[in-house]
Amino acid sequence: MATREIAGFTVEVDSDGYMTDYKSWNNEIAEAFAKEQGIDELTDRHNIVIEFMRKEFEENGTGPSIRKLNKQSGVSTKELYQLFPGGPAKKAALIAGILKPQGCI
Amino acid sequence: MSEYEPVKKVSLVCAKGGLEEVYPSLIMANGARMEGIEASIFFTFFGLNAIVKKTHENLKVATVGNAALNLAMPMLKMPITMPFPTLLGAIPGVSNFATWLMKREMEKLDVPPVGEFLEMMSDAGVELYACKMTVDMYGLTIDDFVPQVNGIMTVGEFYEKSAGAQIIFT
């Protein structure tokens, strides 16, 4: 298991760079991950997605599908792709401090 | 991390119109967008069924002459090695049943029905095209297609549009 420094914290990450313990996540870490992914500022809309993903992960052990995100978080598929350009489920999972989603949808 | 260049763009060709033949194209194109890869699908021949307004919600799993139906056996609590007799498949309702079964399993995996899938993909930025030659052959017009379809293209335009893409025939 690798560790890395981010926003002044030391966190454990897997080989793809995703945090392995979602409980050691905080907002500063999220901001730092987002900047690394080219997202300068996390807005309220980003935070809705992040919170939804963390809740799903806590309940089911994996992030939600885009379809579920769309239907249950109130953020449309279109907006999701605008908020997290270049791979919404993966990027949002990284920023939310959860493991990479396992689904194909 | 991979030492190879990541895939940046894919062009899928969907040439068959059975439910189990259309889903792979949809899943792969949508999956590409989820990875930040540009994606488009060119629907041709029987694949047009998947984007025609009147037919796209009624795609079927063929139960006659479909040699891979043994894969459905575990869903019926039977061994995966058991072949599905093609004569049984000809009985009215059997294809509908197989289709229902597949849709049920797909729903469990959070895979949407074709119509909803096309909307989701279009929102995700997948471009959908109908093949000009087959559109002419079947006597269709752009109005026969679901609104998510971006246009009708010739084979030549498909190749132009696919510049720099990996072309995948499903």
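The values are calculated or read from the model by the stated rules, or taken from the named source; none is laboratory data. Please read all numbers here as calculations on a predicted model, not as lab measurements. All Cβ positions, glycine included, derive from the backbone under ideal geometry; neighbour counts span all protein chains shown. Protein only, heavy atoms only, side chains kept; ligands, DNA and RNA dropped before computing areas. Shrake-Rupley method; radii C 1.70, N 1.55, O 1.52, S 1.80 Å.
Observations, loosely collected:
- Set B:Asn49, B:Asn66, B:Asn96: member being closer than 16 Å to B:Phe117 by Cα, out of contact with any strand residue (DSSP E or B) (no Cβ under 6 Å at 6 or more places or on another chain), in contact (Cβ under 8 Å) with a residue 12 or more places away in the chain and of a type outside the set (Asp, Glu): B:Asn49
- Top-ranked residue of the range B:36-46 - restricted to ones that are closer than 17 Å to A:Ala89 by Cα and in contact (Cβ under 8 Å) with a residue 24 or more places away in the chain, ranked as nearest to the other protein chains (Cβ to nearest Cβ): B:Ile37
- Filter result (over 8 Å from B:Thr63 (Cα atoms) and either of a type in the set (Ser, Thr, Tyr) or touching a Pro at 6+ places or on another chain (Cβ under 7 Å) (or both)) within the range B:76-90: B:Ile80, B:Thr81
- Members of the range B:22-36 that are buried (at least 19 other Cβ atoms within 10 Å of the Cβ) and among the acidic types (Asp, Glu): none
- Subset of the range A:48-82 that is open to solvent by 40 Å² or more (accessible area, probe 1.4 Å) and of a type in the set (Asp, Glu) - its residue that is nearest to the other protein chains (Cβ to nearest Cβ): A:Glu79
- Selection of the range B:68-87 for residues being open to solvent by 80 Å² or more (accessible area, probe 1.4 Å) and not β-branched (Val, Ile, Thr) yields B:Leu71, B:Lys77, B:Pro83, B:Leu87.
- Condition check for B:Gly31: within 19 Å of B:Val111 (Cα to Cα), out of contact with any Ser or Thr (no Cβ under 8 Å at 6 or more places or on another chain), free of Cβ contacts under 8 Å to residues at least 60 places away in the same chain and within 14 Å of chain A (Cβ to nearest Cβ): yes
- Remark: pairs (first residue in the range B:1-23, closer than 30 Å to A:Asp16 by Cβ and in contact (Cβ under 8 Å) with a residue 24 or more places away in the chain; second residue among the acidic types (Asp, Glu) and open to solvent by 70 Å² or more (accessible area, probe 1.4 Å); Cβ separation under 7 Å; 6+ apart in sequence or on different chains) = B:Lys8/B:Glu38; B:Lys9/B:Glu38.
- Set A:Asn47, A:Asn27: member being polar (S, T, N, Q) and under 11 Å from the mean Cα position of the chain (by Cα): A:Asn47
- Residue match in the range A:29-42 (condition: over 22 Å from B:Phe117 (Cβ atoms) and among the aromatic types (Phe, Trp, Tyr)): yes
- Count of the range A:1-28 residues, restricted to those that are assigned to a strand (DSSP E or B) and either out of contact with any Lys or Arg (no Cβ under 8 Å at 6 or more places or on another chain) or loosely packed, with under 15 Cβ neighbours inside 10 Å (or both), is 9.
- Among residues that are within 14 Å of chain A (Cβ to nearest Cβ) and either outside any strand (DSSP E or B) or at pLDDT 95 or above (or both), B:Tyr4 is not included.
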